[in-house]
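Read-outs: derived from the displayed coordinates by stated rules, not from any lab. A quick note: this is a predicted structure, and the numbers were derived from the prediction, not measured. Here the Cβ positions follow ideal geometry from the backbone for every residue, glycine too, while neighbour counts run over all protein chains shown.
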Amino acid sequence: MKPIFIANWKMNKLLAEARDFCRQFQDLYTPLEPQFKDVGIAPPLTALPTVNEELLQSRGVMIGVQNLHWEQNGAHTGEISAQMVRELGTEFAILGHSERRQFYGESSEAVSKRALASIKNNIRPIVCIGESKSQYEDGLSEKVCITQLRESLAGISSEKAKGKLIIAYEPIWAIGTGLAATPEIAANIHAVIRKELNATFGASLGETIPILYGGSTKPSNIAALVQQKNVNGALVGGSGLEADSFVELIAEGRKASSL
Ligand code: PGA
């Protein structure tokens, strides 16, 4: 499976900064092949139209959002629906990021509703799971991840998941800390996730679902991560905020996975 690299800008960048990133990115970035979109950027919603317009010429780059609501429309002050962001060119949605789970009370049940709404609107859901530092230290990583995965995928049939669903394993202790999971730790949890996906959807589909790793990825550690059997790319925070580091990370990741 060819690896996928997604930059999550979180709550960063004003319009001029987003535009600067895109112009530098265009200069540095080489598309893999027109048919396969292996790179994505999820700017804050305010910068989405700008990024979309600026990167229109960059074949192979998807534009995404960091959340969306499961209803199509209605009395939901402050929320944005899947059909609304689809209209802006959105191709993927990061759902259930640990920052949303930790700080905004996001439940796995809500994640599954958001994922279903995404699929219905032809948006690929990137369902994020991951354990906290204390859960990791207590040896609960696998248990926590599998529970989150099962609950977050509730109601998603094989038919719906096919060609759409993406999973991201992001240990909370590795996010923004500079301490990425070792390739061995990532490989172990990704294998457990793969097994669960195969059990849920059948191996013929389960084996095709990309499982991204996220947490302190950078150009210097991406190669060893994507060389692991079930690590199919990365969800990138800090290293995705600068065009040069993101392009370098993509190049290192592509190179390593083709060895
Ligand atoms: P980081 O963030 O790469 O800055 O650790 C990852 C994420 O939150 O997806």
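Candidate cross-link partners of Lys2 among the lysines, defined by an alpha-carbon separation under 26 Å and a same-chain spacing of 8 or more, comprise Lys10, Lys37, Lys120, Lys160, Lys162, Lys164, Lys195, Lys218, Lys229, Lys255. For the chain, a crude dipole built from +1 on the beta carbon of Lys and Arg and -1 on the beta carbon of Asp and Glu, taken about the Cα centre, is about 520 debye to the nearest 20. Based on the reciprocal of the average 1/r between different C-alpha atoms, the Kirkwood radius for segment 16-168 equals 16.6 Å. So what's the gap between the Cα centers of segment 191-259 and segment 122-151, to the nearest angstrom? Cα centroid to Cα centroid, the span is 16 Å. Computed log10 I(q)/I(0) for segment 185-225 at 0.18, 0.19, 0.24 Å⁻¹: -0.56, -0.60, -0.79, from the Debye equation with unit scatterers placed on every C-alpha and solvent omitted. To the nearest whole percent, what portion of all C-alpha pairs in the chain is separated by more than 22 angstrom? Within the chain, distances greater than 22 Å cover 51 percent of Cα pairs. Here the dipole of segment 173-259 is about 220 debye; that uses its Cα centre as origin and unit charges on the Cβ of Lys and Arg (positive) and Asp and Glu (negative). Values of log10 I(q)/I(0) for segment 156-228 across q = 0.26 Å⁻¹ run -1.12, by the Debye formula with one identical scatterer at each alpha carbon and no solvent.
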